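Structure record follows, encoded as structure tokens.
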Amino acid sequence: MREVDMLTGNVAAAWAARIADVDYIPAYPITPQTEIIETLASWISQGLMKAKLVQLESEHSMLTAAGTASLSGARVFTATSSQGLLYGFEMLYNIAGWRAPLVLVNVSRAVAAPITLEPDHNDVLAARDSGFIQLHAEKCQEVLDLILIAYRVAEDHRVMLPVIVNMDGFYLSFTREPVYIPSKTDVEEFLPPYNPPHPFRAGRPVVKGAAVLGGHIYAYFKHNIHESLLRAGDVFKEAAAGFREVTGRFHSPVEGFLLDDAEYVLVVTNSFTSIARKAVVRLREKGVPAGLVKLVMLRPFPSSDIMEKLRGRKAVAVFDQNISPGLGGVIYNEVAAALYHVKNRPETLLSAIGGVGGKYTTVEEFEHVFHMLMHPEKTQPGKPVFLFRADELAHVQTALRLAGYTGEET
Amino acid sequence: MTAFTRISHSPIMERGYIFNPHIVVVMDETLLADAQARPLEDLPRGGVALINSARGPIFSEDQAGHVFMRINFTDPALRIIGKPIVSVSAAAAAAKLCGLRKQHVEEAVREELSELGVRDELLEKNLMLMSETYDNTPRYSIKVDEERVGAVELVDPASGRVVYSDVFAAGNAVHRATGNWRVFRPVVDYGKCTGCKVCFIYCPDSAISLDAENKPVIDYEHCKGCLICVVECPIRAISSVREVEIFA
């Protein structure tokens with residue numbers, strides 16, 4: 001294998017698991033994640049990887065197996081998407097509560113119904129309160145890098161929490177990009193074998209996941225998860241510095257793009273960041289002081305980095321590729337909370353919801369959001385803007401007509 | 001377009017669908033008439049529609065100024081590989097249009113197919129097919145109109161009422177001309193046919209009905225050409241013929 005290759009996001013994830021030298025991979029197929037498991041299975045069958053891969057009968061069993069194997073001292077990798085993540089949902093809280101530092105790749109796909117295969121972040125953001133660290137990738141390279149960094153952070157004895165690394169289905173999972181694959185030697189230096197603090201050993205029994213009736217004991221442990229998760233933010237920065245030494249590539253919880261003198265700033269996550277960047281570049285060419293903030297880390301929520309990057313800006317928009325029905329964009333509300341305590345906070349904070357169900361968001365739509373920031377008097381404060389184009393609405397109306405919808409059915 | 005490649009010397013700041021392709025490869029020409037697929041919808045004036053076709057001139061132009069380039073992928077694939085598998089041909093033709101060298105296409109085919117675990121003999125056949133299609137594809141310099149940058153018109157999708165994602169016009173599969181998927185057409189020799197109904201029973205798509213004498217009538221608009229009937233017919237009264245028709 002050459003040092004750089006054209007890899008899909010899925011194969012980049014598989015490569016990360018391979019060079020992280022994981023021991024155990026419980027699996028269950030679901031589009032658009034399946035290629036990760038197929039790739040790993042193929043490598044294992046060819047003797048290129050030493051890990052054990054087991055296909056379970058559901059994502060619930062898969063996550064149970066993942067968490068328990070991790071507690072035994074194994075380095076565990078697993079992956080799922082959408083309905084699969086939700087089907088195993090209760091185990092996410094258990095895995096975090098057990099302090100099992102595994103890495104789960106979620107390949108984002110909108111949640112049914114109506115059923116689709118294309119991405120939005122309602123699946124992964126549903127897991128935001130589970131106690132998992134969450135890292136979201138813009139590019140296939142980031143998928144690989146963030147998984148390696150994820151193991152280092154998760155297994156750090158100051159953290160001991162699982163990580164979800166998120167990539168967008170199709171836009172990353174099935175898109176090939178040049179990806180640098182670090183050598184195994186480099187990674188061994190950065191990511192030494194997992195050293196479990198309290199592994200199961202013969203003759204030294206440990207009870208994991210004990211019951212804690214009485215409320216206050218539960219509250220104590222829950223607070224400890226919260227405290228450790230917050231600490232994971234700094235541990236990530238340390239790990240990212242170490243990763244840079246090894247690979248030359250830098251990752252931070254919050255990344256700025258053309259931000260220095262920016263007055264109008266868009267906050268984005270995941271793969272649509274690439275399209276939003278182009279909008280920023282085009283606006284800069286016209287002399288508009290536009291800039292971009294990408295959130296890589298969603299949990300712990302990087303409030304202080306966000307405060308620092310957004311303070312003093314004229315107007316800020318948050319692009320949410322998700323919708324919390326009855327509220328609006330999830331990340332908008334979290335950013336708003338972070339900015340509340342900033343003295344010179346932006347006067348305008350606009351919520352833009354787009355890309356739901358993989359709805360393509362064009363560079364013109366991102367430019368439109370910037371134009372709204374430049375003319376806030378034309379927006380309604382607090383009301384999210386749902387990015388939807390006239391041609392798309394016309395297409396929906398055609399589809400409804402073909403489906404025999406007359407509007408009288410209600 | 002749902003499968004695509006972007007090639008550029010500078011960093012590509014785009015993702016997802018391609019709205020203004022310079023080349024569209026149409027591996028199944030029946031898609032040209034498909035109201036759902038609309039493969040040429042976003043092809044700009046001057047863009048090349050590279051069509052897998054067994055008929056018609058190599059070059060022509062449609063009213064929208066699209067350049068049609070017809071190359072026969074299927075028949076060489078049938079001759080060399082024995083199956084209508086045309087991905088390598090499509091890649092070779094498109095690569096040549098992009099100005100990529102044959103040697104690099106060969107390397108790519110070798111690498112891709114080896115990763116899939118294709119055995120050596122089949123790999124060599126694919127390389128032969130690649131080479132033949134590459135040579136058969138004329139060199140052509142593409143000149144397209146500039147990228148359309150339209151103002152975006154955003155709308156509020158609110159409808160003010162409950163909308164259900166239900167299909168009321170159910171039973172509509174009959175409108176889909178799945179016969180277009182066919183590469184080979186089963187043809188009944190009514191002189192031989194005894195009316196034993198075996199083909200009628202085995203047809204997985206219920207595309208065979210029986211006439212008054214219990215002889216099979218094939219619904220070519222929906223027969224996908226699986227050829228199970230050809231195999232099952234106990235007296236070999238059904239033959240297969242290469243299909244080049246289009247059912248719009």
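Every number in this text was worked out from the coordinates using simple rules, so none of it is lab data. Keep in mind that what you see is a predicted model, and the values were worked out from it rather than measured. Cβ placement follows ideal geometry from the backbone for every residue including glycine, while neighbour counts extend to all protein chains displayed.
Over chain B, what is the relative contact order in percent, taking alpha-carbon pairs closer than 8 angstrom and at least six residues apart?
15 percent.
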Distance between segment A:137-168 and segment A:323-355 - C-alpha centres, whole angstrom: 25 Å
Rg/Rh ratio calculated on Cα atoms of chain B (Kirkwood radius): 1.04
For segment B:176-242: span of alpha carbons on each principal axis (Å, largest first): 30, 22, 17
Relative contact order (%) - criterion: Cα under 8 Å, at least six apart; region: segment A:1-55: 41 percent
Dipole moment magnitude, nearest 20 debye, chain B about Cα centre, only Lys, Arg, Asp, Glu C-beta charged: 460 debye
Residue-span extension gain [A:Y93 to A:L258] - 0.36 nm each, minus C-alpha spacing: 55.6 nm
Compactness relative to 2.2 N^0.38 Å, alpha carbon Rg of segment A:1-100: 1.06
Residue mean of other protein chain beta carbons inside 10 Å, A:158-166: 0
Nearest 10 degrees, 0 to 90: helix A:59-71 Cα axis against chain A principal axis: 50 degrees
Stokes-Einstein D in µm²/s, Kirkwood radius over Cα pairs - segment A:156-293 at 25 °C with 0.890 mPa s viscosity: 126 µm²/s
Dimensionless Rg over Rh [the protein assembly as shown; C-alpha; Kirkwood]: 1.00
Simple label model, 7 Å out from Cα along Cβ direction - B:V118 to B:V217, nm: 4.3 nm
Distance from segment A:192-212 to segment B:1-40 (C-alpha centre basis), Å: 53 Å
Range of Cα positions in segment A:4-247 per principal axis (Å), largest first: 53, 46, 34
Chain B: angle of helix B:102-115 to the longest principal axis, Cα-based, in degrees nearest 10: 60 degrees
Listed residues A:N344, A:P29, A:L40: farthest to the positive end of the dipole of chain A (Cβ charges): A:N344
Estimated translational D of segment A:242-282 in µm²/s (Stokes, Kirkwood radius over Cα pairs; 4 °C; 1.567 mPa s): 108 µm²/s
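Can you give the FRET efficiency for A:H226 and A:F250, using 1/(1 + (r/R0)^6), R0 = 22 Å, r = Cβ-Cβ distance, to the nearest 0.05?
0.20
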Simple label model, 7 Å out from Cα along Cβ direction - B:Y202 to A:R204, nm: 6.6 nm
Separation of alpha-carbon centers, segment B:190-234 and segment A:74-90, rounded to whole Å: 47 Å
Distribution of pairwise C-alpha distances over segment A:18-161, 10 Å bins, in %: 12, 44, 37, 6, 0
Convex hull projection area averaged over all views, segment A:254-395, Cα basis, nm²: 8.4 nm²
Largest-first ellipsoid semi-axes for segment A:338-405, taking √(5λ) over the Cα gyration tensor eigenvalues, angstrom: 32, 12, 11
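Which entries in A:K286/A:K343; A:K278/A:K378; A:K237/A:K343; A:K139/A:K359; B:K83/B:K125; A:K359/B:K143 show an alpha-carbon gap greater than 20 Å? Working shown, then result.
Working: A:K286/A:K343 31 Å; A:K278/A:K378 24 Å; A:K237/A:K343 26 Å; A:K139/A:K359 18 Å; B:K83/B:K125 11 Å; A:K359/B:K143 30 Å.
From A:K286/A:K343; A:K278/A:K378; A:K237/A:K343; A:K139/A:K359; B:K83/B:K125; A:K359/B:K143, over 20 Å: A:K286/A:K343; A:K278/A:K378; A:K237/A:K343; A:K359/B:K143.
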Cβ-isolated cysteines (cut-off 4.7 Å), chain B: B:C98, B:C193, B:C196, B:C203, B:C223, B:C226, B:C233
Loop sites in segment B:108-192: GluC sites (Glu not before Pro), DSSP, at most 16 other Cβ within 10 Å: B:E146, B:E147, B:E153
Cα gyration tensor category, rounded, prolate or oblate, for segment B:1-128 with a/c compared to 1.5: oblate
Efficiency of FRET from Cβ geometry, A:I44 and A:T406, R₀ 45 Å, rounded to 0.05: 0.25
Between helix A:89-98 and chain A: long-axis angle, C-alpha atoms, 0 to 90°, nearest 10: 50 degrees
Loop trypsin sites (Lys or Arg not before Pro), segment B:54-92, which have at most 14 other Cβ atoms in a 10 Å radius of their Cβ (DSSP): B:R55
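Hand me the chymotrypsin sites (Phe, Trp or Tyr not before Pro) from segment A:318-407 located in a DSSP loop with no more than 16 other Cβ atoms within 10 Å, in residue order please.
In loop regions of segment A:318-407 (DSSP not H, G, I, E or B), the sparsely surrounded chymotrypsin sites (Phe, Trp or Tyr not before Pro) are A:Y340.
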